[in-house]
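Below is one structure, written out as structure tokens; the observations come after it.
What follows draws every value from the coordinates through simple rules; no lab data is involved. None of these values were measured; they are calculated from a predicted model. Please note: Cβ atoms are built from the backbone with ideal geometry, for glycine as well, and neighbour counts cover all protein chains shown.
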Amino acid sequence: MTHALIVIDVQNDFCPGGALAVAGGDEIVPDINAAMNDFTAVILTQDWHPAGHSSFASTHDAAPMSVTEMPYGPQVLWPDHCIQGSTGAQFHPNLHVDRADLIIRKGYNPAIDSYSAFFENDKTTPTGLEGYLRTRGIDTLTLVGLATDFCVNYSAVDAARLGFKVTVQTDLCRAIDFDGSLAAAKAGMAEAGVTLA
Ligand code: VGL
Ligand code: ZN
């Protein structure tokens, strides 16, 4: 068993003061740093959108947190966030980024959002993370980070479907919890065979 820690989107825009702030998003940073010592591999994901991204409400002259229909299905429209090269897209300044073996960016395709670290929201375009994990012999994953109900959730469900043994360590995650999204995410993860610890 080779076990990796995957730290999802611990970026300034998802922390208090950021464009899409998750309550308590910064509180988890010290314990995530400490957890890095317990794994063979440490991987960080970074939400990384071009300006004018199709997941931004401003791109559609729509209200933030409204839902639109994309060719690949319904899509929540977010405030502008994690724009490539911006301070908001940078990792939280206290996160031990130097400990990462790999940083995988996602959401760079202007037309498709990517909550999951494995597939874009069309559920078919891969990010390449699966191949990286398999070629390193990694079969077991612990996920932590932001946000529990979106990027952690989609990454965990995809990983379980791909056959990885997946745990989400919920005390090292924080949620957006919008319109019942946290309860739905927890049920979906459990159904996919993800262990919620
Ligand atoms: C996320 C919404 C939009 C996340 C990213 O990291 O959970 N949520 N982009
Ligand atoms: Zn995003």
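Quick notes
- Residues considered: ALA19, ALA160, ALA62. Largest GNM mean-square fluctuation over the chain, using C-alpha springs under 10 Å, is found at ALA62.
- At full extension, HIS3 and LEU102 could sit 34.2 nm farther apart than now, given 0.36 nm per residue minus the alpha carbon distance.
- Considering only PRO71, CYS82, VAL194, the residue lying farthest towards the positive end of the dipole of the chain is VAL194, judged by Cα position with unit charges set on Cβ.
- Our estimate of slack between THR135 and ALA23, defined as 0.36 nm per intervening residue step minus the Cα-Cα distance, is 36.7 nm.
- Helix 181-191 and the long axis of the chain differ in direction by around 40°, with both axes built from C-alpha atoms.
- Residue by residue, the stretch 11-21 carries 3J(HN,Hα) couplings of 10, 4, 5, 9, 10, x, x, x, 5, 9, 5 Hz when phi is fed to the Karplus relation 6.51 cos²θ - 1.76 cosθ + 1.60 (θ = phi - 60°); x denotes Gly or Pro.
- Its alpha carbons give the chain an Rg and a Dmax of 15.4, 48 Å.
- Global form of the stretch 70-145, assessed from the alpha-carbon gyration tensor, a/c cut-off 1.5: oblate
- When the chain is treated as a GNM with alpha-carbon contacts under 10 Å, the residue of ASP31, ASP158, ASP149 showing the greatest mean-square fluctuation is ASP31.
- Efficiency of FRET between ALA34 and ALA184 - r from beta-carbon atoms, R0 22 angstrom, step 0.05: 0.15
- Label zone of ASP177 (point 7 Å out along Cα→Cβ, amide N under 17 Å): in the stretch 144-159 this covers 145-153.
- Expressed per residue, the C-alpha convex hull volume of the stretch 40-109 stands at 113 Å³.
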